[in-house]
Amino acid sequence: MTLTDRTCVVTGASRGIGRAIAEELGEHGANVVVNYHTSETEAYEVAETVEEFGGNAIPVQADVADEDAVEAMAEATREAFGGADVLINNAGLTIDKKFDNMSREDWEQVINVNLGGVFNCTNAFFDDIKSADGGRLINISSVVGQQGNYGQANYATTKSGLFGFTRTLALELASEGSTANCVSPGFVKTDMLESVPERVQEKILQRIPLDRFATPEDVAGIVRFVASEDASYMTGQIIAVNGGMEW
Ligand code: NAP
């Protein structure tokens, strides 16, 4: 499952799942574009790790919700590597509140990053993915998009939205030999989960048959498979990585 000479763009690669994905792809020979928003030091560390594996990496600052910044990231990618073969739409955030307390701003901020960012990045790299030999669009959704989750109406909406988006783009990319898939993690030990109160985490854990939270690496290995040539006949799918949770 080597990714030698493949160029992979990972959004939100400075921390958590995105970081693990970037390092995993780099370890398997890919050129990696390490997108970050605010965590500059961490993003440079990720790029260094990829280079220690012998790969090439560039850290690129861009708020995925900012169309111009994303276009500039696509330009930087083309300058460094000639274009992208794989786009992993991973960047995301939560602003958790019961719907009673959720303001329009809370709603829009999450929609603008988790869905607006996916639009901007897919749009900016779409021609690259179409013209790549076996291009890949990989969207990171969530079990929350499948089940809903108390206090996450905005977030769950964005993560469900990725299912329709992915299945549609799978149809539209098929004639080019490129694929679109969703990887849908359960609950993963990252800063995002840290923001969930301890007592809620304990309740969640009781619902996970494998009786542990995922590590970022659990997700990264699956993303590497989807990015690889071994997954070339799989498209329009939702690949759940959730320790056996139902949906
Ligand atoms: P995390 O630890 O909070 O990290 C979030 C990453 O996204 C950071 O690298 C952050 O960059 C980046 N990011 C946030 N807003 C951005 C923006 N506007 N533009 C560019 N980058 C931005 O989150 P995570 O747990 O790794 O989650 C990664 C993805 O997996 C998200 O889409 C999330 O919804 C999904 N997911 C997470 C879980 C979970 O339990 N953790 C479960 C299912 C799905 P900076 O630090 O540079 O600002």
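Derivation of every value follows stated rules applied to the coordinates shown; laboratory data play no part. Source: prediction; values computed, not measured. Glycine gets a Cβ as well: all are built from the backbone with ideal geometry, and neighbour counts include every protein chain shown.
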Exercise for review: Please report, in whole Å, how far the alpha carbons of the stretch 1-103 spread along each principal axis, starting with the longest.
Suggested key: 50, 26, 26
Revision key, fill the gap. Computed D for the chain, Stokes-Einstein, Kirkwood radius over alpha-carbon pairs, 10 °C, 1.306 mPa s, to the nearest µm² per second, is 89
Review point. Can you give me the relative contact order of the chain as a percent, contacts being Cα pairs under 8 Å and 6 or more apart?
Key: 20
Review point. R0 = 51 Å: FRET efficiency of Lys130 with Asp100, Cβ-based, nearest 0.05?
Key: 0.70
Check your understanding: Over the alpha carbons of the stretch 32-90, what is the largest minus smallest coordinate on each principal axis, giving the biggest first in Å?
Key -> 32, 26, 18
Exercise for review: List, in order, the whole-Hz ³J(HN,Hα) value for each residue of the stretch 152-159 obtained from phi through the Karplus relation with A = 6.51, B = -1.76, C = 1.60 and θ = phi - 60°; use x for Gly and Pro.
Suggested key: 10, 4, 5, 5, 4, 4, 5, 6
Exercise for review: Could you tell me how many degrees, from 0 to 90 and to the nearest 10, lie between the Cα long axis of helix 104-114 and the main elongation axis, the longest principal axis, of the Cα atoms of the chain?
Suggested key: 30
Revision key, fill the gap. Note, the stretch 13-19: 3J(HN,Hα) by Karplus (6.51, -1.76, 1.60, θ = phi - 60°), whole Hz, Gly/Pro = x, goes 9, 7, 9, x, 5, x, 4
Study note, to complete from the structure: For Lys98, the lysines lying under 26 Å Cα to Cα, once residues fewer than eight places off in the same chain are dropped, come out as Lys159, Lys189, Lys203
Revision key, fill the gap. Sorting His28, Ala43, Ile88 by the position of each Cα along the dipole of the chain (Lys, Arg +1; Asp, Glu -1; all at Cβ), the one nearest the positive end of that ordering is Ile88
Revision key, fill the gap. So Ser195 and Asp230, fully extended at 0.36 nm per residue minus their Cα-Cα distance, gain in nm 9.0 nm
**Study point:** Geometric extent, Cα atoms of the stretch 198-247 - Rg, Dmax (angstrom)
**Key:** 13.7, 42
Review point. ³J(HN,Hα) across the stretch 54-69 via Karplus (A = 6.51, B = -1.76, C = 1.60, θ = phi - 60°), whole Hz, x for Gly/Pro?
Key: x, x, 10, 8, 10, x, 10, 7, 6, 6, 5, 7, 9, 4, 5, 5
Practice item. Report the extension gain between Leu210 and Asp68 in nm, rounded to one decimal, defined as 0.36 nm multiplied by the number of residues separating them, less their alpha carbon distance. Key: 46.9 nm
